[in-house]
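**Student:** One structure, pasted below without further comment.
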Amino acid sequence: MTALLELTDLGFAWPGQPELLDIPHFQLAPGETLFLKGPSGSGKTTLLGLLGGVQTPGRGRVRLLGEDLGSLSAGARDRFRVEHTGYIFQQFNLLPFLSVRENVELPCRFSRLRRTRASQRHGGVARAAEALLTHLGLPEGMLERRADSLSIGQQQRVAAARALIGQPELVIADEPTSALDADTREAFLRLLFAECREAGASLLFVSHDRSLAGLFDRDLSLSDLNRASQPMER
Ligand SMILES: Nc1ncnc2c1ncn2[C@@H]1O[C@H](COP(=O)(O)OP(=O)(O)O)[C@@H](O)[C@H]1O
Ligand SMILES: [Mg+2]
């Protein structure tokens, strides 16, 4: 099977710092859920930025859906990212002054493909937003509320719905459960899995919380992939 995502000989260093990532090879299969763990500061968020094409690697190649991200212009890479990846940020990064619905609909403003898919599946972008939020367990009647009036757990559901709308092939989640208690965490993950499965999306989930690992198809440590020595071990 062709990989959804493939890294080859990837190297990355932040300016003025020693090499943080040196990853000979890594791949993620279509529909696979992967738990990637590593201590704080080990480069997890940096790696996710490289996968999404937010950062560019110093060397090596990131291929998503067969496309070499490094061969695209910055603008084309941004478009490709919004079309094919949904990103759940650690701090959720909702736009506080927009409503819940507007936040979830955002990717569909920037991507025609996601707009089309959302409409096909749910009969409209607004209805897609509503359906996702319901599936993810957001209480009814919150669609038109400002995002910054929500609790952390509710914001997390909005962030997940925004990542999932329009069925991107890859969903990337950067420690989105760190602010939740254990029961809520697992319940949220199960909902996230169900949505990814229904959309056929792969899920790359990063966390330092090992207790969640057993729920995923595959469980990896960043240190198993990364040959660069870690700052904390020096
Ligand atoms: N924007 C940045 N500029 C410079 N250094 C950074 C930046 N982001 C992260 N780093 C450095 O890269 C290392 C890994 O950080 P990060 O990828 O955030 O790790 P993790 O997500 O595993 O906690 C840290 O030493 C951090 O200081
Ligand atoms: Mg991080």
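**Student:** Restricting the search to the stretch 1-58, which residues are away from ligand 2 (no atom under 16 Å from the Cβ) and among the aromatic types (Phe, Trp, Tyr)?
**Tutor:** PHE26
**Student:** Restrict the check to the stretch 101-113 and report whether at least one residue is within 16 Å of ligand 1 (Cβ to nearest atom), under 25 Å from GLU144 (Cα atoms) and surrounded by fewer than 15 Cβ atoms within 10 Å (Cβ to Cβ).
**Tutor:** The answer is no, given that none of the residues of the stretch 101-113 is within 16 Å of ligand 1 (Cβ to nearest atom), under 25 Å from GLU144 (Cα atoms) and surrounded by fewer than 15 Cβ atoms within 10 Å (Cβ to Cβ).
**Student:** Kindly list, by first and then second residue, each pair from a residue in the stretch 158-174 that is part of a helix (DSSP H, G or I) to a residue that is among the hydroxyl-bearing types (Ser, Thr, Tyr) and within 16 Å of ligand 2 (Cβ to nearest atom), limited to pairs with Cβ atoms under 8 Å and residues at least 6 apart or on different chains.
**Tutor:** Filtered contacts from the stretch 158-174: ALA163/TYR87.
**Student:** Then there's this: Can you tell which of PHE12, PHE92, PHE35 is at positive phi, of a type in the set (A, V, I, L, M, F, W, C) and open to solvent by less than 30 Å² (accessible area, probe 1.4 Å)? Spell out the reasoning first.
**Tutor:** Numbers: PHE12 fails: at positive phi; PHE35 fails: at positive phi.
PHE92 is the lone residue from the list that is at positive phi, of a type in the set (A, V, I, L, M, F, W, C) and open to solvent by less than 30 Å² (accessible area, probe 1.4 Å).
**Student:** If THR45 satisfies all but one of (1) open to solvent by less than 30 Å² (accessible area, probe 1.4 Å); (2) of a type in the set (S, T, N, Q); (3) within 10 Å of ligand 1 (Cβ to nearest atom), what's the number of the condition it fails?
**Tutor:** Single failed check for THR45: (1).
**Student:** Which of the residues that make up the stretch 174-219 are within 15 Å of the chain's Cα centre (by Cα) and of a type in the set (D, E, K, R)?
**Tutor:** Passing the criteria: ASP174, GLU175, GLU195, ARG197.
**Student:** Please find, within the stretch 65-86, the residue that is nearest to the chain's Cα centre (by Cα) out of those that are open to solvent by less than 40 Å² (accessible area, probe 1.4 Å) and modelled with pLDDT under 95.
**Tutor:** In this case the residue turns out to be VAL82.
The values are calculated or read from the model by the stated rules, or taken from the named source; none is laboratory data. Keep in mind that this is a model prediction, so the values were computed, not measured. Heads up, the Cβs are rebuilt from the backbone with ideal geometry, glycines too, and the neighbour counts pull from every protein chain shown. Quick note on the areas: whole protein, heavy atoms, side chains included, nothing else; ligands and nucleic acids left out. Shrake-Rupley method; radii C 1.70, N 1.55, O 1.52, S 1.80 Å.
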